[in-house]
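Worksheet: the structure to be examined is printed underneath.
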């Protein structure tokens, strides 16, 4: 009798154990890697880029004879969710949003519909806040169809692997994660720069011209509102105040001089005047990579220091022209001196607001390696 009871209890417990009834095959899902949002004629347009399991598995194997196919889906609806519902209902394989790497917003969305996009993303538990955020005036389908080199999967593009761009010595605009964007969205001072993507169809070819997405500037957000577009050239001073750039390359064509500037550290001092004024201090180390004219250390040092000052002044001038603090120097005033000045005074960045730019560069000679 005891044995029978034990068997019944064992069977009961086995039935209560969770099994793999809800398990989904990896190959039977559509891995969405990019989401795009547009708004036209009072309709939301949702576009996705997706890869299947074989695309992801092959990415470690190097280049392929033929580039893996990329799935692009698009639908419209009165809301973002309704447009996405159409895509999900008609897709032969379920869409999985847990691997979204990048979100691309059209200019129309950035200008008028950011609030609704923010609400949609916050409601989707699978959409992680560490995704990258971009804007574009191009057709989002074209952006998602951007190619890589050597038939590598599209995971090797600025859109799907933007962290590779952060390692570039000539980087001007840092990419932004959605978390950084949304954490600053409600801030009343400073600007958010959303990198803008464009298509390059001229500079690269492998038998035929390659279509490569690249960053050509940024969309400006100020106090939750669209405040214009600036080119990469306008933002050239931003890199000196960001701590994300490990190495910045500088070239002087006339002097035939090339250097890598590293360990750049910036400090913004708020001066106690009637209105907010600032002093910017930059310290950096420069390694000489090329010096064909054998310039002296003092000459090289002056060239670099003047270049850094010029870069900062270019962006400061653009900031005052468009009434937007592209360098975000006013954020420090807001955080530490908000009792001394009100928000309006803090946001009024003028041409003479920056009283001094002090740059100190240490020149480090490069070693010569023999093989």
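Throughout, read-outs are computed from the coordinates displayed, never taken from laboratory work. If you're wondering where the values come from, they're calculated on a predicted model, not measured in any experiment. Glycine gets a Cβ as well: all are built from the backbone with ideal geometry, and neighbour counts include every protein chain shown.
Annotations
- Residue separation of residue 126 and residue 231 scaled by 0.36 nm, minus their Cα-Cα distance, works out to 34.5 nm of gained length.
- Residue exposure sequence - 311, 142, 358 - by fewest surrounding Cβ within 10 Å: 358, 142, 311
- Note on 71, 271: ascending count of other Cβ atoms within 10 Å places them as 271, 71, the fewest first.
- Across region 262-317, the mean sequence separation of Cα contacts (distance under 8 Å, 6 or more residues apart), normalised by length, yields a relative contact order of 27 percent.
- Each Cα pair under 8 Å and six or more residues apart adds its sequence gap; the mean of these over the residue count of region 216-257 is a relative contact order of 26 percent.
- Sites residue 338 and residue 242, calculated FRET efficiency, Cβ-Cβ separation with R0 25 Å, nearest 0.05: 0.60
- Taking a point 7 Å from the Cα of residue 302 along the Cα-to-Cβ direction, none of the residues of region 270-288 has its backbone N closer than 12 Å to it.
- FRET efficiency estimate (nearest 0.05) - Cβ-Cβ, residue 355 to residue 255, R0 35 angstrom: 0.70
- For region 270-322 and region 109-146, distance of Cα centres in Å: 35 Å
- Secondary structure note: in region 236-371, about 65% of the DSSP beta bridges are antiparallel.
- Each of 90, 138, 348 has some number of other Cβ atoms within 10 Å of its Cβ, and from fewest to most they run 90, 348, 138.
- With both labels modelled 7 Å from their Cα along Cα-to-Cβ, the residue 281 to residue 313 distance reads 2.2 nm.
- Applying 1/(1 + (r/R0)^6) with r as the Cβ-Cβ distance of residue 210 and residue 91 and R0 = 45 angstrom yields a FRET efficiency of 0.95.
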